[in-house]
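The values are calculated or read from the model by the stated rules, or taken from the named source; none is laboratory data. As the structure is a prediction and not an experimental result, all values here were calculated from the model. Quick reminder, even Gly has a Cβ in these numbers, built from the backbone with ideal geometry, and neighbours come from all protein chains shown. What goes into the accessible areas is simple: the full protein's heavy atoms, side chains included, and nothing from ligands, DNA or RNA. Shrake-Rupley method; radii C 1.70, N 1.55, O 1.52, S 1.80 Å.
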Amino acid sequence: APAAAKARVLAGRRVVITSGPTHEPIDPVRFIANRSSGKQGHAIAAAAREAGAEVTLVSGPVALPDPPGVTTVHVETAREMQAAVEASLPADIFIAAAAVADWRVAEPAARKLKKGPGAAATLALVENPDILAGVGRRERDRPALVIGFAAETNRLVDYAQTKRLAKGCDLIVANHVGEGSKVFGGARNEVTLISSEGVEAWPSLDKRELAARLIGVIAERLARTPP
Ligand code: CTP
Ligand code: CA
């Protein structure tokens, strides 16, 4: 993998990557979020930079440093993440590694909600925009390669393949998550790559190794796609 980085296989390419969770406010002190450390997305941003790309990383709230040499845009909510992604296009490659909250609270409270006697609070939710589908289905300035992730607890290949088609992606990196899985916050990741060319199960890898290997796949695919 370091060989791919040394070869600067993405020199002259623009890459936009989302990483981390989004936080959707309930009130000034509470939020809804997904499990995501941002380790995998940030590792991909670093690997793309090492491969010579010009990289914009749109990151939700994470406890990680900004990768050196990468333009990092910090956001909180899904809608902020979408706006930052749109503002950083056009790009040659878009990689959606973020765990975007699927829903936001319809009307976040301006003041802290208080506990009280009687029924527990219920939250009215509305669906967030799908950032990946928005990029994958663009008619103008669609990146040459659009790559999504899929977190599934079951029927991994099935669900991931359906997501790939629904969101107009070239490639889906599918993660098995849930009981027994150590992917959240861990150093390693085991994924299955799903494209129109088939299904490829990768061994368990350190997240940085996985990132370098993914950059190799991306460079190889881009080489087949004229700029
Ligand atoms: N994604 C996105 N915007 C959203 C939701 C998801 O860009 N509002 C992206 C993620 O970054 C990931 C891919 O879509 O690359 C799949 O995310 P996932 O949560 O697995 O799929 P969903 O389409 O949200 O479906 P579900 O959570 O119901 O399985
Ligand atoms: Ca989701």
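Some points to look at:
- Helix 156-166 and the longest principal axis of the C-alpha atoms of the chain enclose an angle of approximately 90°.
- The chain: antiparallel DSSP beta bridges as a percent of all, rounded to 5: 40 percent
- On full extension, the segment bounded by D102 and A166 gains 21.5 nm, given 0.36 nm per residue less the C-alpha separation.
- Probe 1.4 Å, accessible area per residue of region 1-70, Å²: 43 Å²
- At q = 0.15, 0.16 Å⁻¹ the log10 of I(q)/I(0) for region 1-127 amounts to -0.71, -0.77, computed by Debye summation with a single uniform scatterer per C-alpha, solvent ignored.
- Degrees between helix 207-224 axis and first principal axis of the chain (Cα, 0 to 90, nearest 10): 60 degrees
- E80 contributes an accessible area of around 80 Å² to the protein surface, as traced by a 1.4 Å probe with all chains present.
- Size estimate for the chain follows the Kirkwood approach: the inverse of mean 1/r over distinct Cα pairs works out to 18.1 Å.
- Seen against the Cα atoms of the chain and their longest principal axis, helix 78-88 is set at about 30 degrees.
- Ligands, DNA and RNA left out, the 1.4 Å accessible surface of region 70-224 is 51% carbon and sulfur atoms.
- Alpha-carbon centroid distance for the pair region 77-146 / region 15-56, whole angstrom: 13 Å
- What the Cβ-Cβ distance of R8 and V126 gives, at R0 = 41 Å and to the nearest 0.05, is a FRET efficiency of 0.40.
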